[in-house]
1. Could you give the nm distance between label points at Thr354 and Ala325, where each point is 7 Å from its Cα heading toward the beta carbon?
2. What net charge do the residues around Cys96 carry, taking every other residue with its C-beta under 11 Å from that of Cys96, with Lys and Arg at +1 and Asp and Glu at -1?
3. Given the -39500 (n - 2.57) contribution per DSSP H run of 4+ residues, what per-residue ellipticity at 222 nm results for the chain, rounded to the nearest 500 deg cm²/dmol?
4. Would you list, by chain and number, the lysines whose Cα falls below 27 Å from the Cα of Lys36, excluding same-chain residues fewer than 8 positions away?
5. Convert each backbone phi in the stretch 25-41 into a coupling constant with the Karplus relation 6.51 cos²θ - 1.76 cosθ + 1.60 (shift: θ = phi - 60°), then list the ³J(HN,Hα) values in order as whole Hz, x for Gly and Pro.
6. Give me the percent relative contact order of the chain, please, defined on Cα pairs under 8 angstrom at least 6 residues apart.
7. Taking the Cβ of each residue in Tyr113, Tyr236 as the centre, tally the other Cβ atoms inside 10 Å and list the residues starting with the fewest.
8. Springs between alpha-carbon atoms under 10 Å, Gaussian network over the chain: tell me which of His195, His85, His118 tops the mean-square fluctuations.
Amino acid sequence: MEKKDSPKSPLTYRDAGVDIDAGDALVSTIKPFAKKTMRAGANPDLGGFGGLFDLKAAGFKDPILVAATDGVGTKLELAQQANMHHGLGIDLVAMCANDILAQGAMPLFFLDYFATGHLAPKVAAEIIEGIADGCVEARCALIGGETAEMPGIYPAGSYDLAGFCVGAAERGTLLRKDQVSEGDKVIALASSGVHANGFSLVRKLIERDDLKLMAPAPFAPSVSLAEALLAPTRIYTDAVKAALAAGRVTSVSHITGGGLIENPPRVYGDNLAMRLDMTARPAPALFKWLKQEAALSDFELARTFNCGIGLLITTPAKDSEKVLAAIDATGEPCWLVGEISARTEDAIHLDKFTQAFS
């Protein structure tokens, strides 16, 4: 006797783990965040199939576009453990916008990608509000994004982030390697902490030594270890804009992955070297602690972390004082840290590094 198939239960997208209603509610929640990032040339209304930006309305005559994309690495894991999400949004914008600035361009607009196994609207809204706050700091508009709920790809409670930024500069004004010359002075701009690089090592250290994220930071007892490590990345738009207006800037180097070893040589020729005096300003206690706690060599510390310097700007000696003063006037901590010299061996010299981080 032929067996009849049993009737199948109806399935919905919600049964599969995707809540369209929650996604729609999130879009409504974050619309005000996008609106506060409004700038000339942008239409930050969300919900269309694409974001629009009018370069002419932004004041450009013959622009070259510059694009950057990045994430925040395994800082995500630490933020999820500590249940501190807002700063990651700022980090996401900073990692992209600061790369735009390193070309001598200004950030114009930003888009984000947020992917999760199960949409937690409160967490998502906290992150996207952070992204909007980062866009306000970067002077760019949040004109769109994607929220992807993907059960089976991401575990419940976890998420991933990616950011995309586009900037512009007038033709002929972008920074080039051949503009840097021997004798140029180097100006350092302070980082706010670890920023968003080196967290795989930080997390390994926390796990190995069983450190408590909510306990007072050993190097800054007034805040928790989580607060100190998760401090959002600084965004340098105002400082770089002021520097470019004040005098001749020959290069901008964003100190990200690869630290002070690999990033500076990206902006000058193979015949030049950069020499930095690491005692020109007291080293942050955070990096001294990391060096001691993880027993890092000087080289490993300098190649993994920014060591307290988030951005380096080079300028001819005759312009250095006015460029420094212009940056200082924006409220960004800055100092003369070194100069460009002819290369004999290494591309970067970190003078008195051991003394600075002892």
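1. Once both label points are built, they end up 4.0 nm from each other.
2. Within the 11 Å Cβ shell, the charges total -4.
3. Mean residue ellipticity, 222 nm, calculated: -10000 deg cm²/dmol.
4. Result set, ordered by chain and number: Lys56, Lys61, Lys75, Lys122, Lys241.
5. Those phi angles translate into 5, 5, 4, 5, 5, 8, 4, x, 4, 5, 4, 6, 8, 3, 9, 4, x Hz.
6. 20
7. So the ranking, lowest neighbour count to highest, is Tyr113, Tyr236.
8. His118
Taken together, the values in this text are just the output of simple stated rules run on the coordinates, not laboratory data. These numbers were taken from a predicted model, which means no experiment stands behind them. Glycine gets a Cβ as well: all are built from the backbone with ideal geometry, and neighbour counts include every protein chain shown.
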